[in-house]
Protein chains: 2
Amino acid sequence: LDVLVTLANDGYNIYQWTLNEHTGTHMDAPFHFSDQLTADQIPVSDLLGPLAVVDIRAKAEEDPDALVTPDDLQAWEESYGEIPPGAIVAMLSGWDVHVATDKFRNADDDGVMHFPGFGLEAIDFLLKERDVKGIMVDTLSLDNGPSTTFDVHYNWLPANKWGMECVANLGQLPPFGAAVFVGGPKIGGASGGPSRVIALV
Amino acid sequence: LDVLVTLANDGYNIYQWTLNEHTGTHMDAPFHFSDQLTADQIPVSDLLGPLAVVDIRAKAEEDPDALVTPDDLQAWEESYGEIPPGAIVAMLSGWDVHVATDKFRNADDDGVMHFPGFGLEAIDFLLKERDVKGIMVDTLSLDNGPSTTFDVHYNWLPANKWGMECVANLGQLPPFGAAVFVGGPKIGGASGGPSRVIALV
């Protein structure tokens, strides 16, 4: 933040922001990995929906590269019913506890990052078999840390679906029953950007 | 927006934003005109609530400097009941139709702007007699255009209340009955900033 005016000198505070779009809790718009919708073009009706929280904390604790798989989605559906049309699906890996430390990126000696993400098979299932508005992760990326091909980004986003990265506090929500508001940016042409995400239980 | 990488060259699109916090549909945090809460510090429970839309379009059409007065709030309450605790109160002046033209600022030959806003008496009433989380206007400022003293800013915001400026489409909402989600920025230290505001009817 650059200070433009201050309360002491000018009677009020205004800053100027300079930031990369993909900072903090932020949206990946379809345009981030395609020539599809920019963040401001996403229909507002796609920014509200019932939230399905898929808990992979147990396996993420054993394997930092853990993926959300079709089995995880099936296990969720066995407990809570078929993921409803218009839902938003969140990966709860528990990784947000690391957000203030190097463990959030968790780079090894070769610079390869290690954190959980969605797997391509789960994304294929959601694209073909379910009607989901968007996905969320509590890690830095929709793909897991070691990914070099960004399969989730390249399959999910070009289908005019959005993703939300670095989402906090998913562990405070029920697996099903919360509604989520996705305050994605309304900045013309943006490929994504810092977003306010609020769940109602 | 500055282009950092592009789909054609790099396989994905990322821009860098440089913007004044008080741009577009944006929040004024208490810190904007005081040393109170910055945007990120506002409790999330203060960003959701029932919306009271106070329609002053008729008088704003006759007088571009029109103010929301205690009489306007009283007239609203006679129709819809007392403004409930935790409500968010919006001024509907109809001014958002001018957003793409010079009429939005409506500066006269002396550079004095003319558009509607809240009046100090209405703000005093809301602060002392009601329990309201925030206020919204469909104009550039909580104070009306010719204000040089910014009474609304200097009274409302230091009470740890937020304001939202340049809010669009209020005319599509019922006077009472909508719930509004205020996606204010979660940028550390911000005096406000671009916000996604979504109403549910």
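The values are calculated or read from the model by the stated rules, or taken from the named source; none is laboratory data. Since this is a predicted model, take the numbers as computed values, not measurements. Cβ coordinates were reconstructed from backbone atoms using ideal geometry, including for glycine residues, and neighbour counts include every protein chain displayed. What goes into the accessible areas is simple: the full protein's heavy atoms, side chains included, and nothing from ligands, DNA or RNA. Shrake-Rupley method; radii C 1.70, N 1.55, O 1.52, S 1.80 Å.
The residues of the range A:1-34 that are among the aliphatic types (A, V, I, L, M), part of a strand (DSSP E or B) and either facing chain B (nearest Cβ under 7 Å) or more than 18 Å from A:LEU157 (Cβ to Cβ) (or both), listed by number, are A:VAL3, A:LEU4, A:VAL5, A:ILE14, A:LEU19.
Give, as residue ranges, the strands (runs of 3 or more DSSP E) completely inside the range B:157-196 that count at least 2 residues that are small (Gly, Ala, Ser). Strands (runs of 3 or more DSSP E) meeting the threshold: B:176-183, B:192-194. Under the condition of being polar (S, T, N, Q), more than 14 Å from chain A (Cβ to nearest Cβ) and open to solvent by 10 Å² or more (accessible area, probe 1.4 Å), the residues counted in the range B:126-171 number 2.
Count of the range A:11-56 residues, restricted to those that are touching a residue at least 40 places away in the same chain (Cβ under 8 Å), over 30 Å from A:GLY81 (Cβ atoms), among the acidic types (Asp, Glu) and surrounded by fewer than 21 Cβ atoms within 10 Å (Cβ to Cβ), is 1. When the range A:64-75 is filtered for residues that are open to solvent by 10 Å² or more (accessible area, probe 1.4 Å) and in contact (Cβ under 8 Å) with a residue 40 or more places away in the chain, the ones remaining, listed by number, are A:PRO64, A:ASP65, A:LEU67, A:THR69, A:PRO70, A:ASP72. Considering each residue of the range A:47-68 in turn, at least one proves to be assigned to a helix (DSSP H, G or I), among the hydrophobic types (A, V, I, L, M, F, W, C) and under 30 Å from B:LEU19 (Cβ atoms).
Quick check on my filter: what residues within the range B:35-46 are in a loop (DSSP other than H, G, I, E, B) and modelled with pLDDT of 95 or more? Break it down into steps so the answer makes sense when it comes.
The first filter runs over the range B:35-46 and keeps only residues in a loop (DSSP other than H, G, I, E, B), leaving B:35-38, B:42-43.
B:GLN36, B:LEU37, B:THR38, B:ILE42, B:PRO43 - these are the residues of the range B:35-46 that are in a loop (DSSP other than H, G, I, E, B) and modelled with pLDDT of 95 or more.
In the range A:97-112, the count of residues that are more than 28 Å from B:GLY49 (Cβ to Cβ) and within 14 Å of chain B (Cβ to nearest Cβ) is one or more.
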